[in-house]
Amino acid sequence: MENKIYYIQLYSFLTLFLTAAPTVSAQEIGSVSGKIRYQGIGEPYVNVYILDSQKGSATDKDGNYSINGVPKGEYTIVISALGFRTQKQKISITSTIPSIQLDFDLIDDSASLDEVVVSGNLKPVSKLDSPVAIEVYSPTFFKKNPVPSIFESMQNVNGVRPQLNCNVCNTGDIHINGLEGPYTFVLIDGMPIVSGLSTVYGLTGIPQSLIQRVEIVKGPASTLYGSEAVGGIINIITKNPFSAPEVSAESFASSWGEVNTDIGLSYIMGSKVDGLMGVNYFNYQNPIDNNGDGFTDLTLQNRISIFNKLNIKRREGRIFTMAGRYVYEDRWGGEVNWTTADRGGDEIYGESVYTSRWELFGTYQLPLKENINFQFSANGHDQNSFYGTDSFNADQYIGFGQFTWNRLLGETHDLLVGAAYRFTFYDDNTFATVEEDGVTSKPSVTHLPGVFAQDEIRIGLQNKLLLGMRYDYNSLHGHILSPRINYKWNSKDKQDVIRLSMGNGFRVANIFTEDHAALTGAREVEFVGELKPETSWNANINYVKKIITPHNTFIGLDASAFYTYFTNRIIPDYETDPNKIIYANLDGSSVSQGVSLNLDIAWPHGIKALAGATLMDVSVTESGVRTRQLLTESFSGVWSISYDLNSIGLSMDYTGNLYGPMRLPLISDTDPRNPYSPWYSIQNIQLTKKFGTQWELFGGVKNLLDFTPPANSITRPYDPFDKNVIFDNDGRAVATPDNPYALTFDPNYVYASNQGIRGFLGVRYTVF
């Protein structure tokens, strides 16, 4: 009955959107018509509309357009087409001049097809000119499927997958090309903010209303960003306070009871300071158990994040920006009747996490003739948590400072030299930070000074060579050398680009800060020997092709092949002992290899499509035996199809993803669950209605196919403390009539969210 009511409400909602076209009043007496040409020839499929209204049209095959039923008054006509400059012209409809003939000549604007990026060499450059392959995603891309966190927004990026790591507390990390979250380096405005403890809990609460764009580099970026950027980087670029909207607000709610609100404000302090403030608030307090296992299908959360950025004007246009963020989150998941009074108890199982986190980062250009910048960041992270009866409390403080000097040497060399220092303090209440006596606390303190140099060499107009070298000294593990080479070729018209890349990566793992599975009370953690740093070598090739057809259709192709070879890799072993997670350096090698393709098409009549697919093989070879890595799909695909009806201010977005089977962690050989996940797809649809230039109403349905993992993803949810499990002398579960498969409580068999189909409705308000 509830589902029937839900679908009736959804049908009514969609009908409202589709019938919201304006009616024609008796005052509509005029019209605007004309011809739009390019190089003297009529151009088809050019958008023509009246600003701040819902009236518009598109040119026919001969370049003619007509907008009828226009009331008398003053208006601005706008023409827009991909690859051409947007043009505006004011007109006046009167009783004496009711019809206006207005022609336009299109002007090339190929620069509009290219973005500015900074992740390749720490300074703004054209994406096409960058020798490093960088993918750029704008806020418009993320608005096609609105979500409450950056973590979830990555689900529609090809080759990038947000991976849930626990069925109970729903924490996760971001995989790039099959490599786990700790190999992904997340930056805000180029500063290393998200790492260590925040690898698990720091990817939420970034106000999306303040995001200018997101840049993604797949593969090691060790020269500029340090040796930990093994799998790739995600660089979140926030808006410039000077050009940001005065007010931007977005709020939406789902039929599950989730409520998310983003508010952004730009302001001026005196004559020299521009500010940008953002607040994100997310709340979900509705325990739902649709699969009937007695546990919450979605973790309950109460989170607030406050962000502030200052842009300080200085003489000669020198840079000085500072930003800060504070996040507080209270989340819990577990048995649906759990309350805070049960926190840490052994009667009702729950996983409860309190997170308090602050961040500070910025850039200061020194008052010198040379281009020398000082970049800095600091963050503190406090976690107070219980996983069943197991307490985990941790504190982490990270400080980072970096000087960079950039100088052009002649017309062919662009030199970047830098020196960096990173300090990390980490302490928790596990055996990882105690002396050998098992009692005395011994926090982990790491110093990581380093220097790097990079030379971008221009060879003629069509070739670039990027050579980089970085040296770091880790106070615990010694010397680290990270070389990198990139080569780029482009055709004379820059419609074809080929990039080659090769280099290495190095990473020091901290199990308790990076792997949620190590914290859950379901299994005991065991280390085999002293863990050594991981090392990797990587190579990839990237080809980009841009096409504009005679009918003004844009087609973009972006294809890549990648290969990464690991030694000393640390992989959790779930299978040797069902009651343990065993961590050890791999006695062998691990390989991640594959190919990916992105296809971007924009038709001039308003349809846009972005689709991508990645085929990969991530394997582990130990003692001559090659196995497929756990929780890694061999195929993934994403798509986004949009249709804009400018004439009535309506747009439609259909987004989705498709994942192939993953090998899943079973408890033992007797575990009856499927060792592989099925093919599955999460699909979403959204309609957005514009009201003038300031208001938008949006809504739709998420997870249209209502896909959820099997109900037995959590084993023995009715006995989460294993009180009724019989163990042998080696600590292994024994088969009994009440436990025929010798199972124990385990929430680690997880590959997708248990949240099924749901509707959502929201509103946006923007003032420039």
Subject >> Considering residues of segment 451-490 that are in contact with a Pro (Cβ under 6 Å, 6 or more places away or on another chain) and aliphatic (A, V, I, L, M) only, the residue surrounded by the fewest Cβ atoms within 10 Å (Cβ to Cβ) >> reply: MET469
**OP:** Give LYS4, LYS61 a once-over and let me know the one that is within 19 Å of ILE607 (Cβ to Cβ), modelled with pLDDT under 80 and surrounded by fewer than 15 Cβ atoms within 10 Å (Cβ to Cβ).
**Re:** LYS61
Original post:
Out of all the residues in segment 64-106, which are at pLDDT below 85 and over 12 Å from ILE29 (Cα atoms)?
Top reply: SER80, ALA81, LEU82, GLY83, PHE84, ARG85, THR86, LEU106
Subject >> Residue check for ASP114: surrounded by fewer than 19 Cβ atoms within 10 Å (Cβ to Cβ), modelled with pLDDT under 85 and closer than 30 Å to VAL417 by Cβ >> reply: yes
Original post:
In segment 451-467, which residues are within 17 Å of LEU408 (Cβ to Cβ), touching a Lys or Arg at 6+ places or on another chain (Cβ under 9 Å) and not polar (S, T, N, Q)?
Top reply: ALA453, GLU456, ILE457, ARG458, LEU461, LYS464, LEU465, LEU466, LEU467
Subject >> One residue from GLY759, GLY692, GLY700 being small (Gly, Ala, Ser), out of contact with any strand residue (DSSP E or B) (no Cβ under 6 Å at 6 or more places or on another chain) and within 30 Å of SER647 (Cβ to Cβ) >> reply: GLY692
**OP:** Considering (1) in the same structural domain as VAL353 (by TED's automatic domain parsing); (2) in contact with an Asp or Glu (Cβ under 8 Å, 6 or more places away or on another chain); (3) at pLDDT 85 or above, say which one ARG213 fails and leave the rest.
**Re:** (1)
**OP:** Output the number of the condition that THR693 fails; it satisfies all remaining conditions of (1) at pLDDT below 95; (2) touching a Pro at 6+ places or on another chain (Cβ under 6 Å).
**Re:** (2)
**OP:** Quick one: count up the residues across segment 677-687 that are more than 22 Å from the chain's Cα centre (by Cα) and of a type in the set (Ser, Thr, Tyr).
**Re:** 1
**OP:** Tell me which residues, restricted to segment 582-606, are part of a loop (DSSP other than H, G, I, E, B) and within 30 Å of THR59 (Cβ to Cβ).
**Re:** TRP603, PRO604, HIS605, GLY606
Original post:
So how many residues does segment 454-489 have that are in a strand (DSSP E or B) and over 18 Å from GLY505 (Cβ atoms)?
Top reply: 11
**OP:** Of all residues in segment 300-325, count the ones that are basic (Lys, Arg) and crowded, with 17+ Cβ neighbours inside 10 Å.
**Re:** 3
Original post:
Residues of segment 630-648 being under 29 Å from VAL750 (Cα atoms) and either in contact with a Ser or Thr (Cβ under 6 Å, 6 or more places away or on another chain) or of a type in the set (D, E, K, R) (or both), which ones?
Top reply: GLU633, SER636, SER640
Original post:
Quick one: in segment 644-676, which of the residues that are aliphatic (A, V, I, L, M) and either surrounded by fewer than 18 Cβ atoms within 10 Å (Cβ to Cβ) or part of a loop (DSSP other than H, G, I, E, B) (or both) is nearest to the chain's Cα centre (by Cα)?
Top reply: LEU658
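Table: residues versus (1) assigned by TED's automatic domain parsing to the domain that holds ILE480; (2) touching a residue at least 60 places away in the same chain (Cβ under 8 Å); (3) aliphatic (A, V, I, L, M).
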{"position": "TYR354", "(1), (2), (3)": "yes, no, no"}
{"position": "SER377", "(1), (2), (3)": "yes, yes, no"}
{"position": "SER391", "(1), (2), (3)": "yes, no, no"}
{"position": "GLN402", "(1), (2), (3)": "yes, no, no"}
{"position": "ALA420", "(1), (2), (3)": "yes, yes, yes"}
{"position": "VAL451", "(1), (2), (3)": "yes, no, yes"}
Subject >> Count - residues of segment 148-187 that are in contact with a helix residue (DSSP H, G or I) (Cβ under 9 Å, 6 or more places away or on another chain), within 16 Å of ASN748 (Cβ to Cβ) and in a loop (DSSP other than H, G, I, E, B) >> reply: 6
Original post:
Does segment 738-746 include one or more residues that are outside any loop (DSSP other than H, G, I, E, B) and without any contact (Cβ under 8 Å) to a residue 24 or more places away in the chain?
Top reply: yes
**OP:** Hey, could you check segment 717-743 for residues that are closer than 27 Å to TRP679 by Cα and buried (at least 20 other Cβ atoms within 10 Å of the Cβ) and say which is farthest from the chain's Cα centre (by Cα)?
**Re:** LEU743
**OP:** Confirm whether SER251 is within 16 Å of THR766 (Cβ to Cβ), within 22 Å of the chain's Cα centre (by Cα), small (Gly, Ala, Ser) and surrounded by fewer than 18 Cβ atoms within 10 Å (Cβ to Cβ).
**Re:** yes
Original post:
Which of the following residues is assigned to a strand (DSSP E or B), touching a helix residue (DSSP H, G or I) at 6+ places or on another chain (Cβ under 8 Å) and assigned by TED's automatic domain parsing to the domain that holds SER255: GLY699, GLY612, GLY637?
Top reply: GLY699
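So that you can scan it fast, the table gives a plain yes or no per residue for (1) crowded, with 24+ Cβ neighbours inside 10 Å; (2) farther than 28 Å from MET616 by Cβ; (3) modelled with pLDDT under 80:
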{"site": "CYS166", "(1), (2), (3)": "no, no, no"}
{"site": "ILE176", "(1), (2), (3)": "yes, no, no"}
{"site": "SER195", "(1), (2), (3)": "yes, no, yes"}
{"site": "GLY231", "(1), (2), (3)": "yes, no, yes"}
{"site": "LYS239", "(1), (2), (3)": "no, yes, no"}
**OP:** Go through the residues of segment 340-352 one by one and say whether even a single one is at positive phi, more than 26 Å from the chain's Cα centre (by Cα) and assigned to a loop (DSSP other than H, G, I, E, B).
**Re:** yes
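The values are calculated or read from the model by the stated rules, or taken from the named source; none is laboratory data. From a predicted model like this one, the values you see are computed outputs, not experimental measurements. Backbone-built Cβ (ideal geometry, glycine too); neighbour counts: all protein chains shown.
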